[in-house]
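Only one structure is covered here, and it is reproduced in the block below.
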Amino acid sequence: MKKVYAIEELCLNCRLCEVYCKTAHSKSKNVVKAYKFESPEPVARIMVEGDNAHSIAMQCRHCADPACVNACITGAMQKDPVTGIVAPDPNKCVGCMTCLGACPYGVIKVNHIAMKCDLCRETGEPACVKNCPNNALIYVEEEELQ
Amino acid sequence: MRYFTSEFLIERNKDRCINCGVCARQCSNEAHYIDLDTGEVKSDETKCVDCQRCVCLCPTNALMIIKNPNQTRDNANWSQQAIREVEMQASTGGILLSGMGTPKEYPVYWDKILLNASQVTNPSIDPLREPMETKTYLGAKPTQLEFDEEGNILTKLPPTVELDTPLMMSAMSFGSISLNAQKSLAMAAKECNTFFNTGEGGLHKELDQYADHAIVQVASGRFGVSKDYLNKGQIIEIKIGQGAKPGIGGHLPGEKVNVEVSQTRMIPEHSDAISPAPHHDIYSIEDLRQLIFSLKEVTRYKKPVAVKIAAVHNIAAIASGSVRAGADIIVIDGFRGGSGSTPTRLRDNVGIPIELALAAVDQRLRDESIRQNCSIVIAGSVRNSADVVKAIALGADACYIGSSALIAMGCHMCRTCMTGKCNWGIATQNPELTRRLNPEIQYKRVVNLLHAWNHEIQEMMGGMGINAIESLRGNRLMLRGIGLSEKELEILGIKHAGE
Ligand code: SF4
Ligand code: SF4
Ligand code: SF4
Ligand code: SF4
């Protein structure tokens, strides 16, 4: 499946990916409104770790055998058999944070319910990749990686 | 106590700013910062150099950098800049340094020259329908050709190089610009079948793969020069002078001489890379001839040798001497040319406009019947394709572009290259900053620029009814001056509009 990959050498630590991820997961899809006026405040599902010297953007790896799915106590977290996208069902999630603890990459956040990268399935075009100013994020099949 | 006010103000639209901190993390001058007490992003405008990095990256368009209206009293003689410079020197006791070309209001002759177009008597040509040749050959041309009975050429032809467009990338060394920036230029040169220039910094091993499109420079510091280096390049350029600082050499401070720069320049790490003002083995045209022929000898007479000189008062005679000394290409760098660092006074006061220098050199070489012995390449602020067309009609074979190529890669002409803090990853060796210039993105922008200009050159030529750049070369009848004095027209060798 196509996933988002981060290229450390090109990452600027600007964190615009976080801004645009948050906006893509907002009601208004408007940066200013998403940050200033929406309640509950939308959550960025990509997190940049590091500083200006070394930084890298982290988000869900949509694992083949996802620890979060295996750990989920309500069956909310599922891997879509067709797209391979791992995402929680908001109607089933109880915000217990079990998945958060189980994820080996630490890329799940909980804000009442679990929040994680869904590869922007609404639009099919990951907002972080589209808006990264230095092409430090790429959206490709694993085989295309090299 | 601070004696001067900041040049700019940073205006942050509070209705828009989301305190994302992008500007704070991106400004290498630390003009934005996150106030840890309030979590708000704030600014210290005294540090801003107006490079526009924050403005371009702010996701909400919240930022505006404006000229500080808080200035000293208006004075036509004592401009703000003049006062500021005195204040700065009073504080530091040092010479003033600047980056890029002079911003002073000298006449731009390109803007006082108009082009011709065909009407009725000779048809214009539509470049989209008909072939339009912009191929350019650089090097000496034979005066006559001899053939044997089968039609094979007997004359020994001087070495020439072929470019698809009359545009090349100016000399910008690795050291003065980042490897990523130089690599982008090299990649663009390869894709457009033209040349980039190593500057005086040697050829980095990573750029070996682009050596087919490299002009290798030999400057007074001889940095990175070896037999191997000379043979890798396609043209060898002896740098005598540079338009932004005629008469002086260069100084790359030791802090910028990291491992990579030191290996490429073949000098110890962290040592100052000082190019002497003159070449210590050149004190006459005869000495220049010796160097030219040493370089030809070492490359087995297979590569054209160029001599780059700054446009100064006696340029025509110097160019003539250089051609007689054996130069296959004369490069003239005008006084508006850019630099990573140059003494402000020299940049702003030394040299002459490239337009006049070009016209004078071309005319002199014609008068002396040696024009065919060399190609003329000009540099020093070629801003667009119309400047190129005018330069070619004035007699240039090709133009170097430096500043325009940097602007294509993100440079916003803040003119603080000498600080090494270039926020666009160009004029810096700091890995945090050089990373910002991804060659895969930026080379395409340079390619776009070259393609766009080449299309426009074809359009303008077509309008004149000319279908090959060779027919435009030195075709001064295609030019008319506007608002120029008799003397200026005489030097440019063109008529006034209406004549
Ligand atoms: S937007 Fe791109 S360059 Fe900026 S932090 Fe995210 S991944 Fe890195
Ligand atoms: S980048 Fe723009 S929105 Fe973000 S903190 Fe700076 S001014 Fe505010
Ligand atoms: S120096 Fe550049 S990035 Fe920093 S505040 Fe000024 S314009 Fe913005
Ligand atoms: S190269 Fe960088 S420092 Fe120099 S003028 Fe351009 S943006 Fe400014």
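The values are calculated or read from the model by the stated rules, or taken from the named source; none is laboratory data. Keep in mind that this is a model prediction, so the values were computed, not measured. Cβ sites come from the backbone with ideal geometry, for glycine too, and all protein chains shown count toward neighbours. SASA here: full protein model, heavy atoms, side chains in, ligands and nucleic acids out. Shrake-Rupley method; radii C 1.70, N 1.55, O 1.52, S 1.80 Å.
Considering each residue of region B:9-32, count those that are away from every other protein chain (no Cβ under 11 Å) and surrounded by 17 or more Cβ atoms within 10 Å (Cβ to Cβ), and give that number.
Within region B:9-32, residues that are away from every other protein chain (no Cβ under 11 Å) and surrounded by 17 or more Cβ atoms within 10 Å (Cβ to Cβ) number 5.
Which residues, taken from region A:1-35, are farther than 28 Å from B:Ser28 by Cα and in a loop (DSSP other than H, G, I, E, B)?
Passing the criteria: A:Met1, A:His25, A:Ser26, A:Lys27, A:Ser28, A:Lys29, A:Asn30.
Do any helices (runs of 4 or more DSSP H) entirely within region A:36-146 hold 3 or more residues that are under 30 Å from B:Ala24 (Cβ atoms), within 14 Å of another protein chain (Cβ to nearest Cβ) and within 16 Å of ligand 1 (Cβ to nearest atom), and if so, which?
Details: elements: A:67-71, A:98-102, A:127-131.
Here the list reads A:127-131.
Name the residues in region B:319-352 that are in a helix (DSSP H, G or I) and of a type in the set (Asp, Glu), would you?
Start the filter on region B:319-352 by keeping residues that are in a helix (DSSP H, G or I), which leaves B:319-324, B:344-349.
Across region B:319-352, the qualifying residue is only B:Asp348.
Kindly evaluate B:Asn75 against the criterion of being within 11 Å of ligand 2 (Cβ to nearest atom) and open to solvent by 30 Å² or more (accessible area, probe 1.4 Å).
Details: within 11 Å of ligand 2 (Cβ to nearest atom): no; open to solvent by 30 Å² or more (accessible area, probe 1.4 Å): yes.
The answer is no for B:Asn75.
Does B:Ile95 meet the test of being in contact with a strand residue (DSSP E or B) (Cβ under 9 Å, 6 or more places away or on another chain), surrounded by fewer than 12 Cβ atoms within 10 Å (Cβ to Cβ) and of a type outside the set (D, E, K, R)? Steps first, answer last, please.
Details: in contact with a strand residue (DSSP E or B) (Cβ under 9 Å, 6 or more places away or on another chain): yes; surrounded by fewer than 12 Cβ atoms within 10 Å (Cβ to Cβ): yes; of a type outside the set (D, E, K, R): yes.
Answer is yes for this residue.
For region B:177-269, which helices (runs of 4 or more DSSP H) that fit wholly inside it have 2 or more residues that are among the small types (Gly, Ala, Ser) and touching a residue at least 12 places away in the same chain (Cβ under 8 Å)? Steps first, answer last, please.
Details: elements: B:179-191, B:227-232, B:259-265.
Here the list reads B:179-191.
Name the single residue that is farthest from the other protein chains (Cβ to nearest Cβ) among those in region B:36-47 being within 11 Å of ligand 2 (Cβ to nearest atom) and over 35 Å from the mean Cα position of the chain (by Cα). Show your work before the answer.
The initial filter retains those residues of region B:36-47 that are within 11 Å of ligand 2 (Cβ to nearest atom), namely B:39-43.
Filter once more, so that each one left must be over 35 Å from the mean Cα position of the chain (by Cα): B:39-42.
Working: B:Gly39: 13, B:Glu40: 13, B:Val41: 12, B:Lys42: 17 Å.
Among them, the one singled out is B:Lys42.
I'm trying to understand the selection: among the residues of region B:106-151, which are open to solvent by 80 Å² or more (accessible area, probe 1.4 Å) and free of Cβ contacts under 8 Å to residues at least 12 places away in the same chain?
Residues satisfying the conditions are B:Asp111, B:Gln119, B:Val120, B:Thr121, B:Leu128, B:Arg129, B:Gln144, B:Leu145, B:Glu146, B:Phe147, B:Glu149, B:Glu150.
Being touching a Phe, Trp or Tyr at 6+ places or on another chain (Cβ under 7 Å) and open to solvent by 70 Å² or more (accessible area, probe 1.4 Å) is the filter here; which residues of region B:251-294 pass it? Before the answer, list the steps.
Let us first name the residues in region B:251-294 that are touching a Phe, Trp or Tyr at 6+ places or on another chain (Cβ under 7 Å), namely B:261, B:264-267, B:273.
Passing the criteria: only B:Met266.
Looking only at region B:450-460, decide whether some residue is modelled with pLDDT of 95 or more and within 16 Å of ligand 3 (Cβ to nearest atom). If you could, list the steps in order and put the result at the bottom.
So in region B:450-460, the residues modelled with pLDDT of 95 or more come out as B:450-460.
With within 16 Å of ligand 3 (Cβ to nearest atom) added as a condition, the list becomes none.
Checking region B:450-460: not a single residue is modelled with pLDDT of 95 or more and within 16 Å of ligand 3 (Cβ to nearest atom).
Within region A:124-136, can one find any residue that is of a type in the set (Val, Ile, Thr) and over 29 Å from A:Ser39 (Cβ atoms)?
Kept after step one, since they are of a type in the set (Val, Ile, Thr), are these residues of region A:124-136: A:129.
The next check asks that each one be over 29 Å from A:Ser39 (Cβ atoms); those that pass are none.
No, that holds for no residue.
Does B:Leu154 qualify as being open to solvent by 50 Å² or more (accessible area, probe 1.4 Å) and in the same structural domain as B:Val305 (by TED's automatic domain parsing)? So that I can check it myself, show each step before the final result.
Working: open to solvent by 50 Å² or more (accessible area, probe 1.4 Å): yes; in the same structural domain as B:Val305 (by TED's automatic domain parsing): yes.
For B:Leu154, the condition - open to solvent by 50 Å² or more (accessible area, probe 1.4 Å) and in the same structural domain as B:Val305 (by TED's automatic domain parsing) - is met.
When region B:48-62 is examined, which residues are found to be more than 9 Å from chain A (Cβ to nearest Cβ) and within 14 Å of ligand 4 (Cβ to nearest atom)?
Within region B:48-62, the first condition is being more than 9 Å from chain A (Cβ to nearest Cβ), and the residues that meet it are B:48-55, B:58, B:61.
Scanning region B:48-62 gives B:Cys48, B:Val49, B:Asp50, B:Cys51, B:Gln52, B:Arg53, B:Cys54, B:Val55.
State all residues of region B:421-443 that are touching a residue at least 60 places away in the same chain (Cβ under 8 Å) and outside any loop (DSSP other than H, G, I, E, B); if no residue qualifies, say none.
Passing the criteria: B:Glu432, B:Leu433, B:Thr434, B:Pro439, B:Gln442, B:Tyr443.
Consider A:Glu18 carefully, then state whether it is modelled with pLDDT of 95 or more, open to solvent by 30 Å² or more (accessible area, probe 1.4 Å), under 21 Å from A:Pro88 (Cβ atoms) and within 16 Å of ligand 2 (Cβ to nearest atom).
Values: modelled with pLDDT of 95 or more: yes; open to solvent by 30 Å² or more (accessible area, probe 1.4 Å): yes; under 21 Å from A:Pro88 (Cβ atoms): yes; within 16 Å of ligand 2 (Cβ to nearest atom): yes.
Spelling it out, A:Glu18 is indeed modelled with pLDDT of 95 or more, open to solvent by 30 Å² or more (accessible area, probe 1.4 Å), under 21 Å from A:Pro88 (Cβ atoms) and within 16 Å of ligand 2 (Cβ to nearest atom).
For residues that are within 16 Å of ligand 1 (Cβ to nearest atom) and open to solvent by less than 50 Å² (accessible area, probe 1.4 Å), scanning just region B:33-60, find the one that is farthest from B:Arg436 (Cα to Cα).
B:Thr60
Quick one: in region B:399-420, which of the residues that are within 23 Å of B:His32 (Cβ to Cβ) and in a helix (DSSP H, G or I) is nearest to the other protein chains (Cβ to nearest Cβ)?
So the residue we want is B:Thr419.
For (1) more than 14 Å from ligand 3 (Cβ to nearest atom); (2) surrounded by fewer than 21 Cβ atoms within 10 Å (Cβ to Cβ); (3) closer than 19 Å to B:Gly175 by Cα, each residue gets a yes or a no:
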residue	(1), (2), (3)
B:Lys390	yes, no, no
B:Ile401	yes, no, yes
B:Leu406	yes, no, yes
B:Thr416	no, yes, yes
